[in-house]
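As structure tokens, the structure follows; a few thoughts come after it.
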Amino acid sequence: MVFDQTVIEKFMADHQSQYVGKYRYHSGYRMEENTFKVHYYMLDQNFRQIDIFVEIHCQDEITYTFSEDLHEQEKIYIVKDALKRVLLKLGYKRVLHYSLYENFIKTVSEDLNVLAPIEFCDILSYMKYHHGINQQTMDDFYKIFYHHSKHN
């Protein structure tokens, strides 16, 4: 199945709004050909982080599932923001298929000669989604990056 970005473009056109949501992008990744997982967050008045996880399906129409119930305007804002990010990334050439990120992170393959620059961003976002933004995640990412750059 080939990804059809016109479904995203139609959703964006049908849901135009000036509303600016409270939640901000944290991380996300492509889970399947037409499915994306994203993590958004906001800080409350005590600076505690409130997390929202969303699974977005882009097939015949855009459908989405939120980890927490939000008002519809906030949901649409988050979905549109996530879809804008998806559209921006679609044009980049990639070497590593998105389904191989987890295995790549675990094995740090020496057989892979060249990663596209966008793939380092994608791998980091995948790691942040699954492990959070913390020192261990960054250390693990830098191990991959430095290991890979030493072999090129």
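The values are calculated or read from the model by the stated rules, or taken from the named source; none is laboratory data. Predicted, not measured: the structure shown is a model, and the values here were computed from it. All Cβ positions, glycine included, derive from the backbone under ideal geometry; neighbour counts span all protein chains shown. Calculation scope for accessible area: heavy atoms of the full protein, side chains included, ligands and nucleic acids excluded. Shrake-Rupley method; radii C 1.70, N 1.55, O 1.52, S 1.80 Å.
Of the residues HIS130, TYR142, PHE11, the one whose Cα sits farthest toward the positive end of the charge dipole of the range 11-152, with +1 on the Cβ of Lys and Arg and -1 on the Cβ of Asp and Glu, is TYR142.
Sequence-distant contacts, meaning Cα pairs under 8 Å at least 6 residues apart, place the relative contact order of the range 30-89 at 24 percent. Our estimate of slack between GLN59 and GLN136, defined as 0.36 nm per intervening residue step minus the Cα-Cα distance, is 24.2 nm.
Ranking MET31, GLY21, TYR92 by Cα position along the charge dipole of the chain, where only Lys, Arg, Asp and Glu carry charges on their C-beta atoms, puts TYR92 farthest toward the positive end. Per residue of the chain, the DSSP helices (runs of n ≥ 4 H) give a summed -39500 (n - 2.57) that works out to -14000 deg cm²/dmol at 222 nm. Projecting the Cα atoms of PHE53, THR65, CYS121 onto the charge dipole of the chain, computed from C-beta unit charges around the Cα centre, puts CYS121 farthest toward the positive end. Between the Cα long axis of helix 135-150 and the first principal axis of the chain there is an angle of about 50°, rounded to the nearest 10.
Return a whole-number percent for the relative contact order of the range 13-152, with Cα pairs under 8 Å and 6 or more residues apart as the contact set.
22
Where Lys and Arg each count +1 and Asp and Glu each count -1, what net charge lies around GLY132 among other residues with Cβ under 12 Å from its Cβ? Spelling it out: positives minus negatives among the neighbours equals -1. Checking the a/c ratio against 1.5 first, then a/b against b/c, what shape does the Cα gyration tensor give for the chain? Note, shape of the chain comes out oblate. Just the protein heavy atoms count here, and of the accessible area of the range 1-117 at 1.4 Å, carbon and sulfur take up 50 percent. The magnitude of the dipole of the chain, with charges of +1 and -1 set on the Cβ of Lys/Arg and Asp/Glu and taken from the Cα centre, is near 540 debye.
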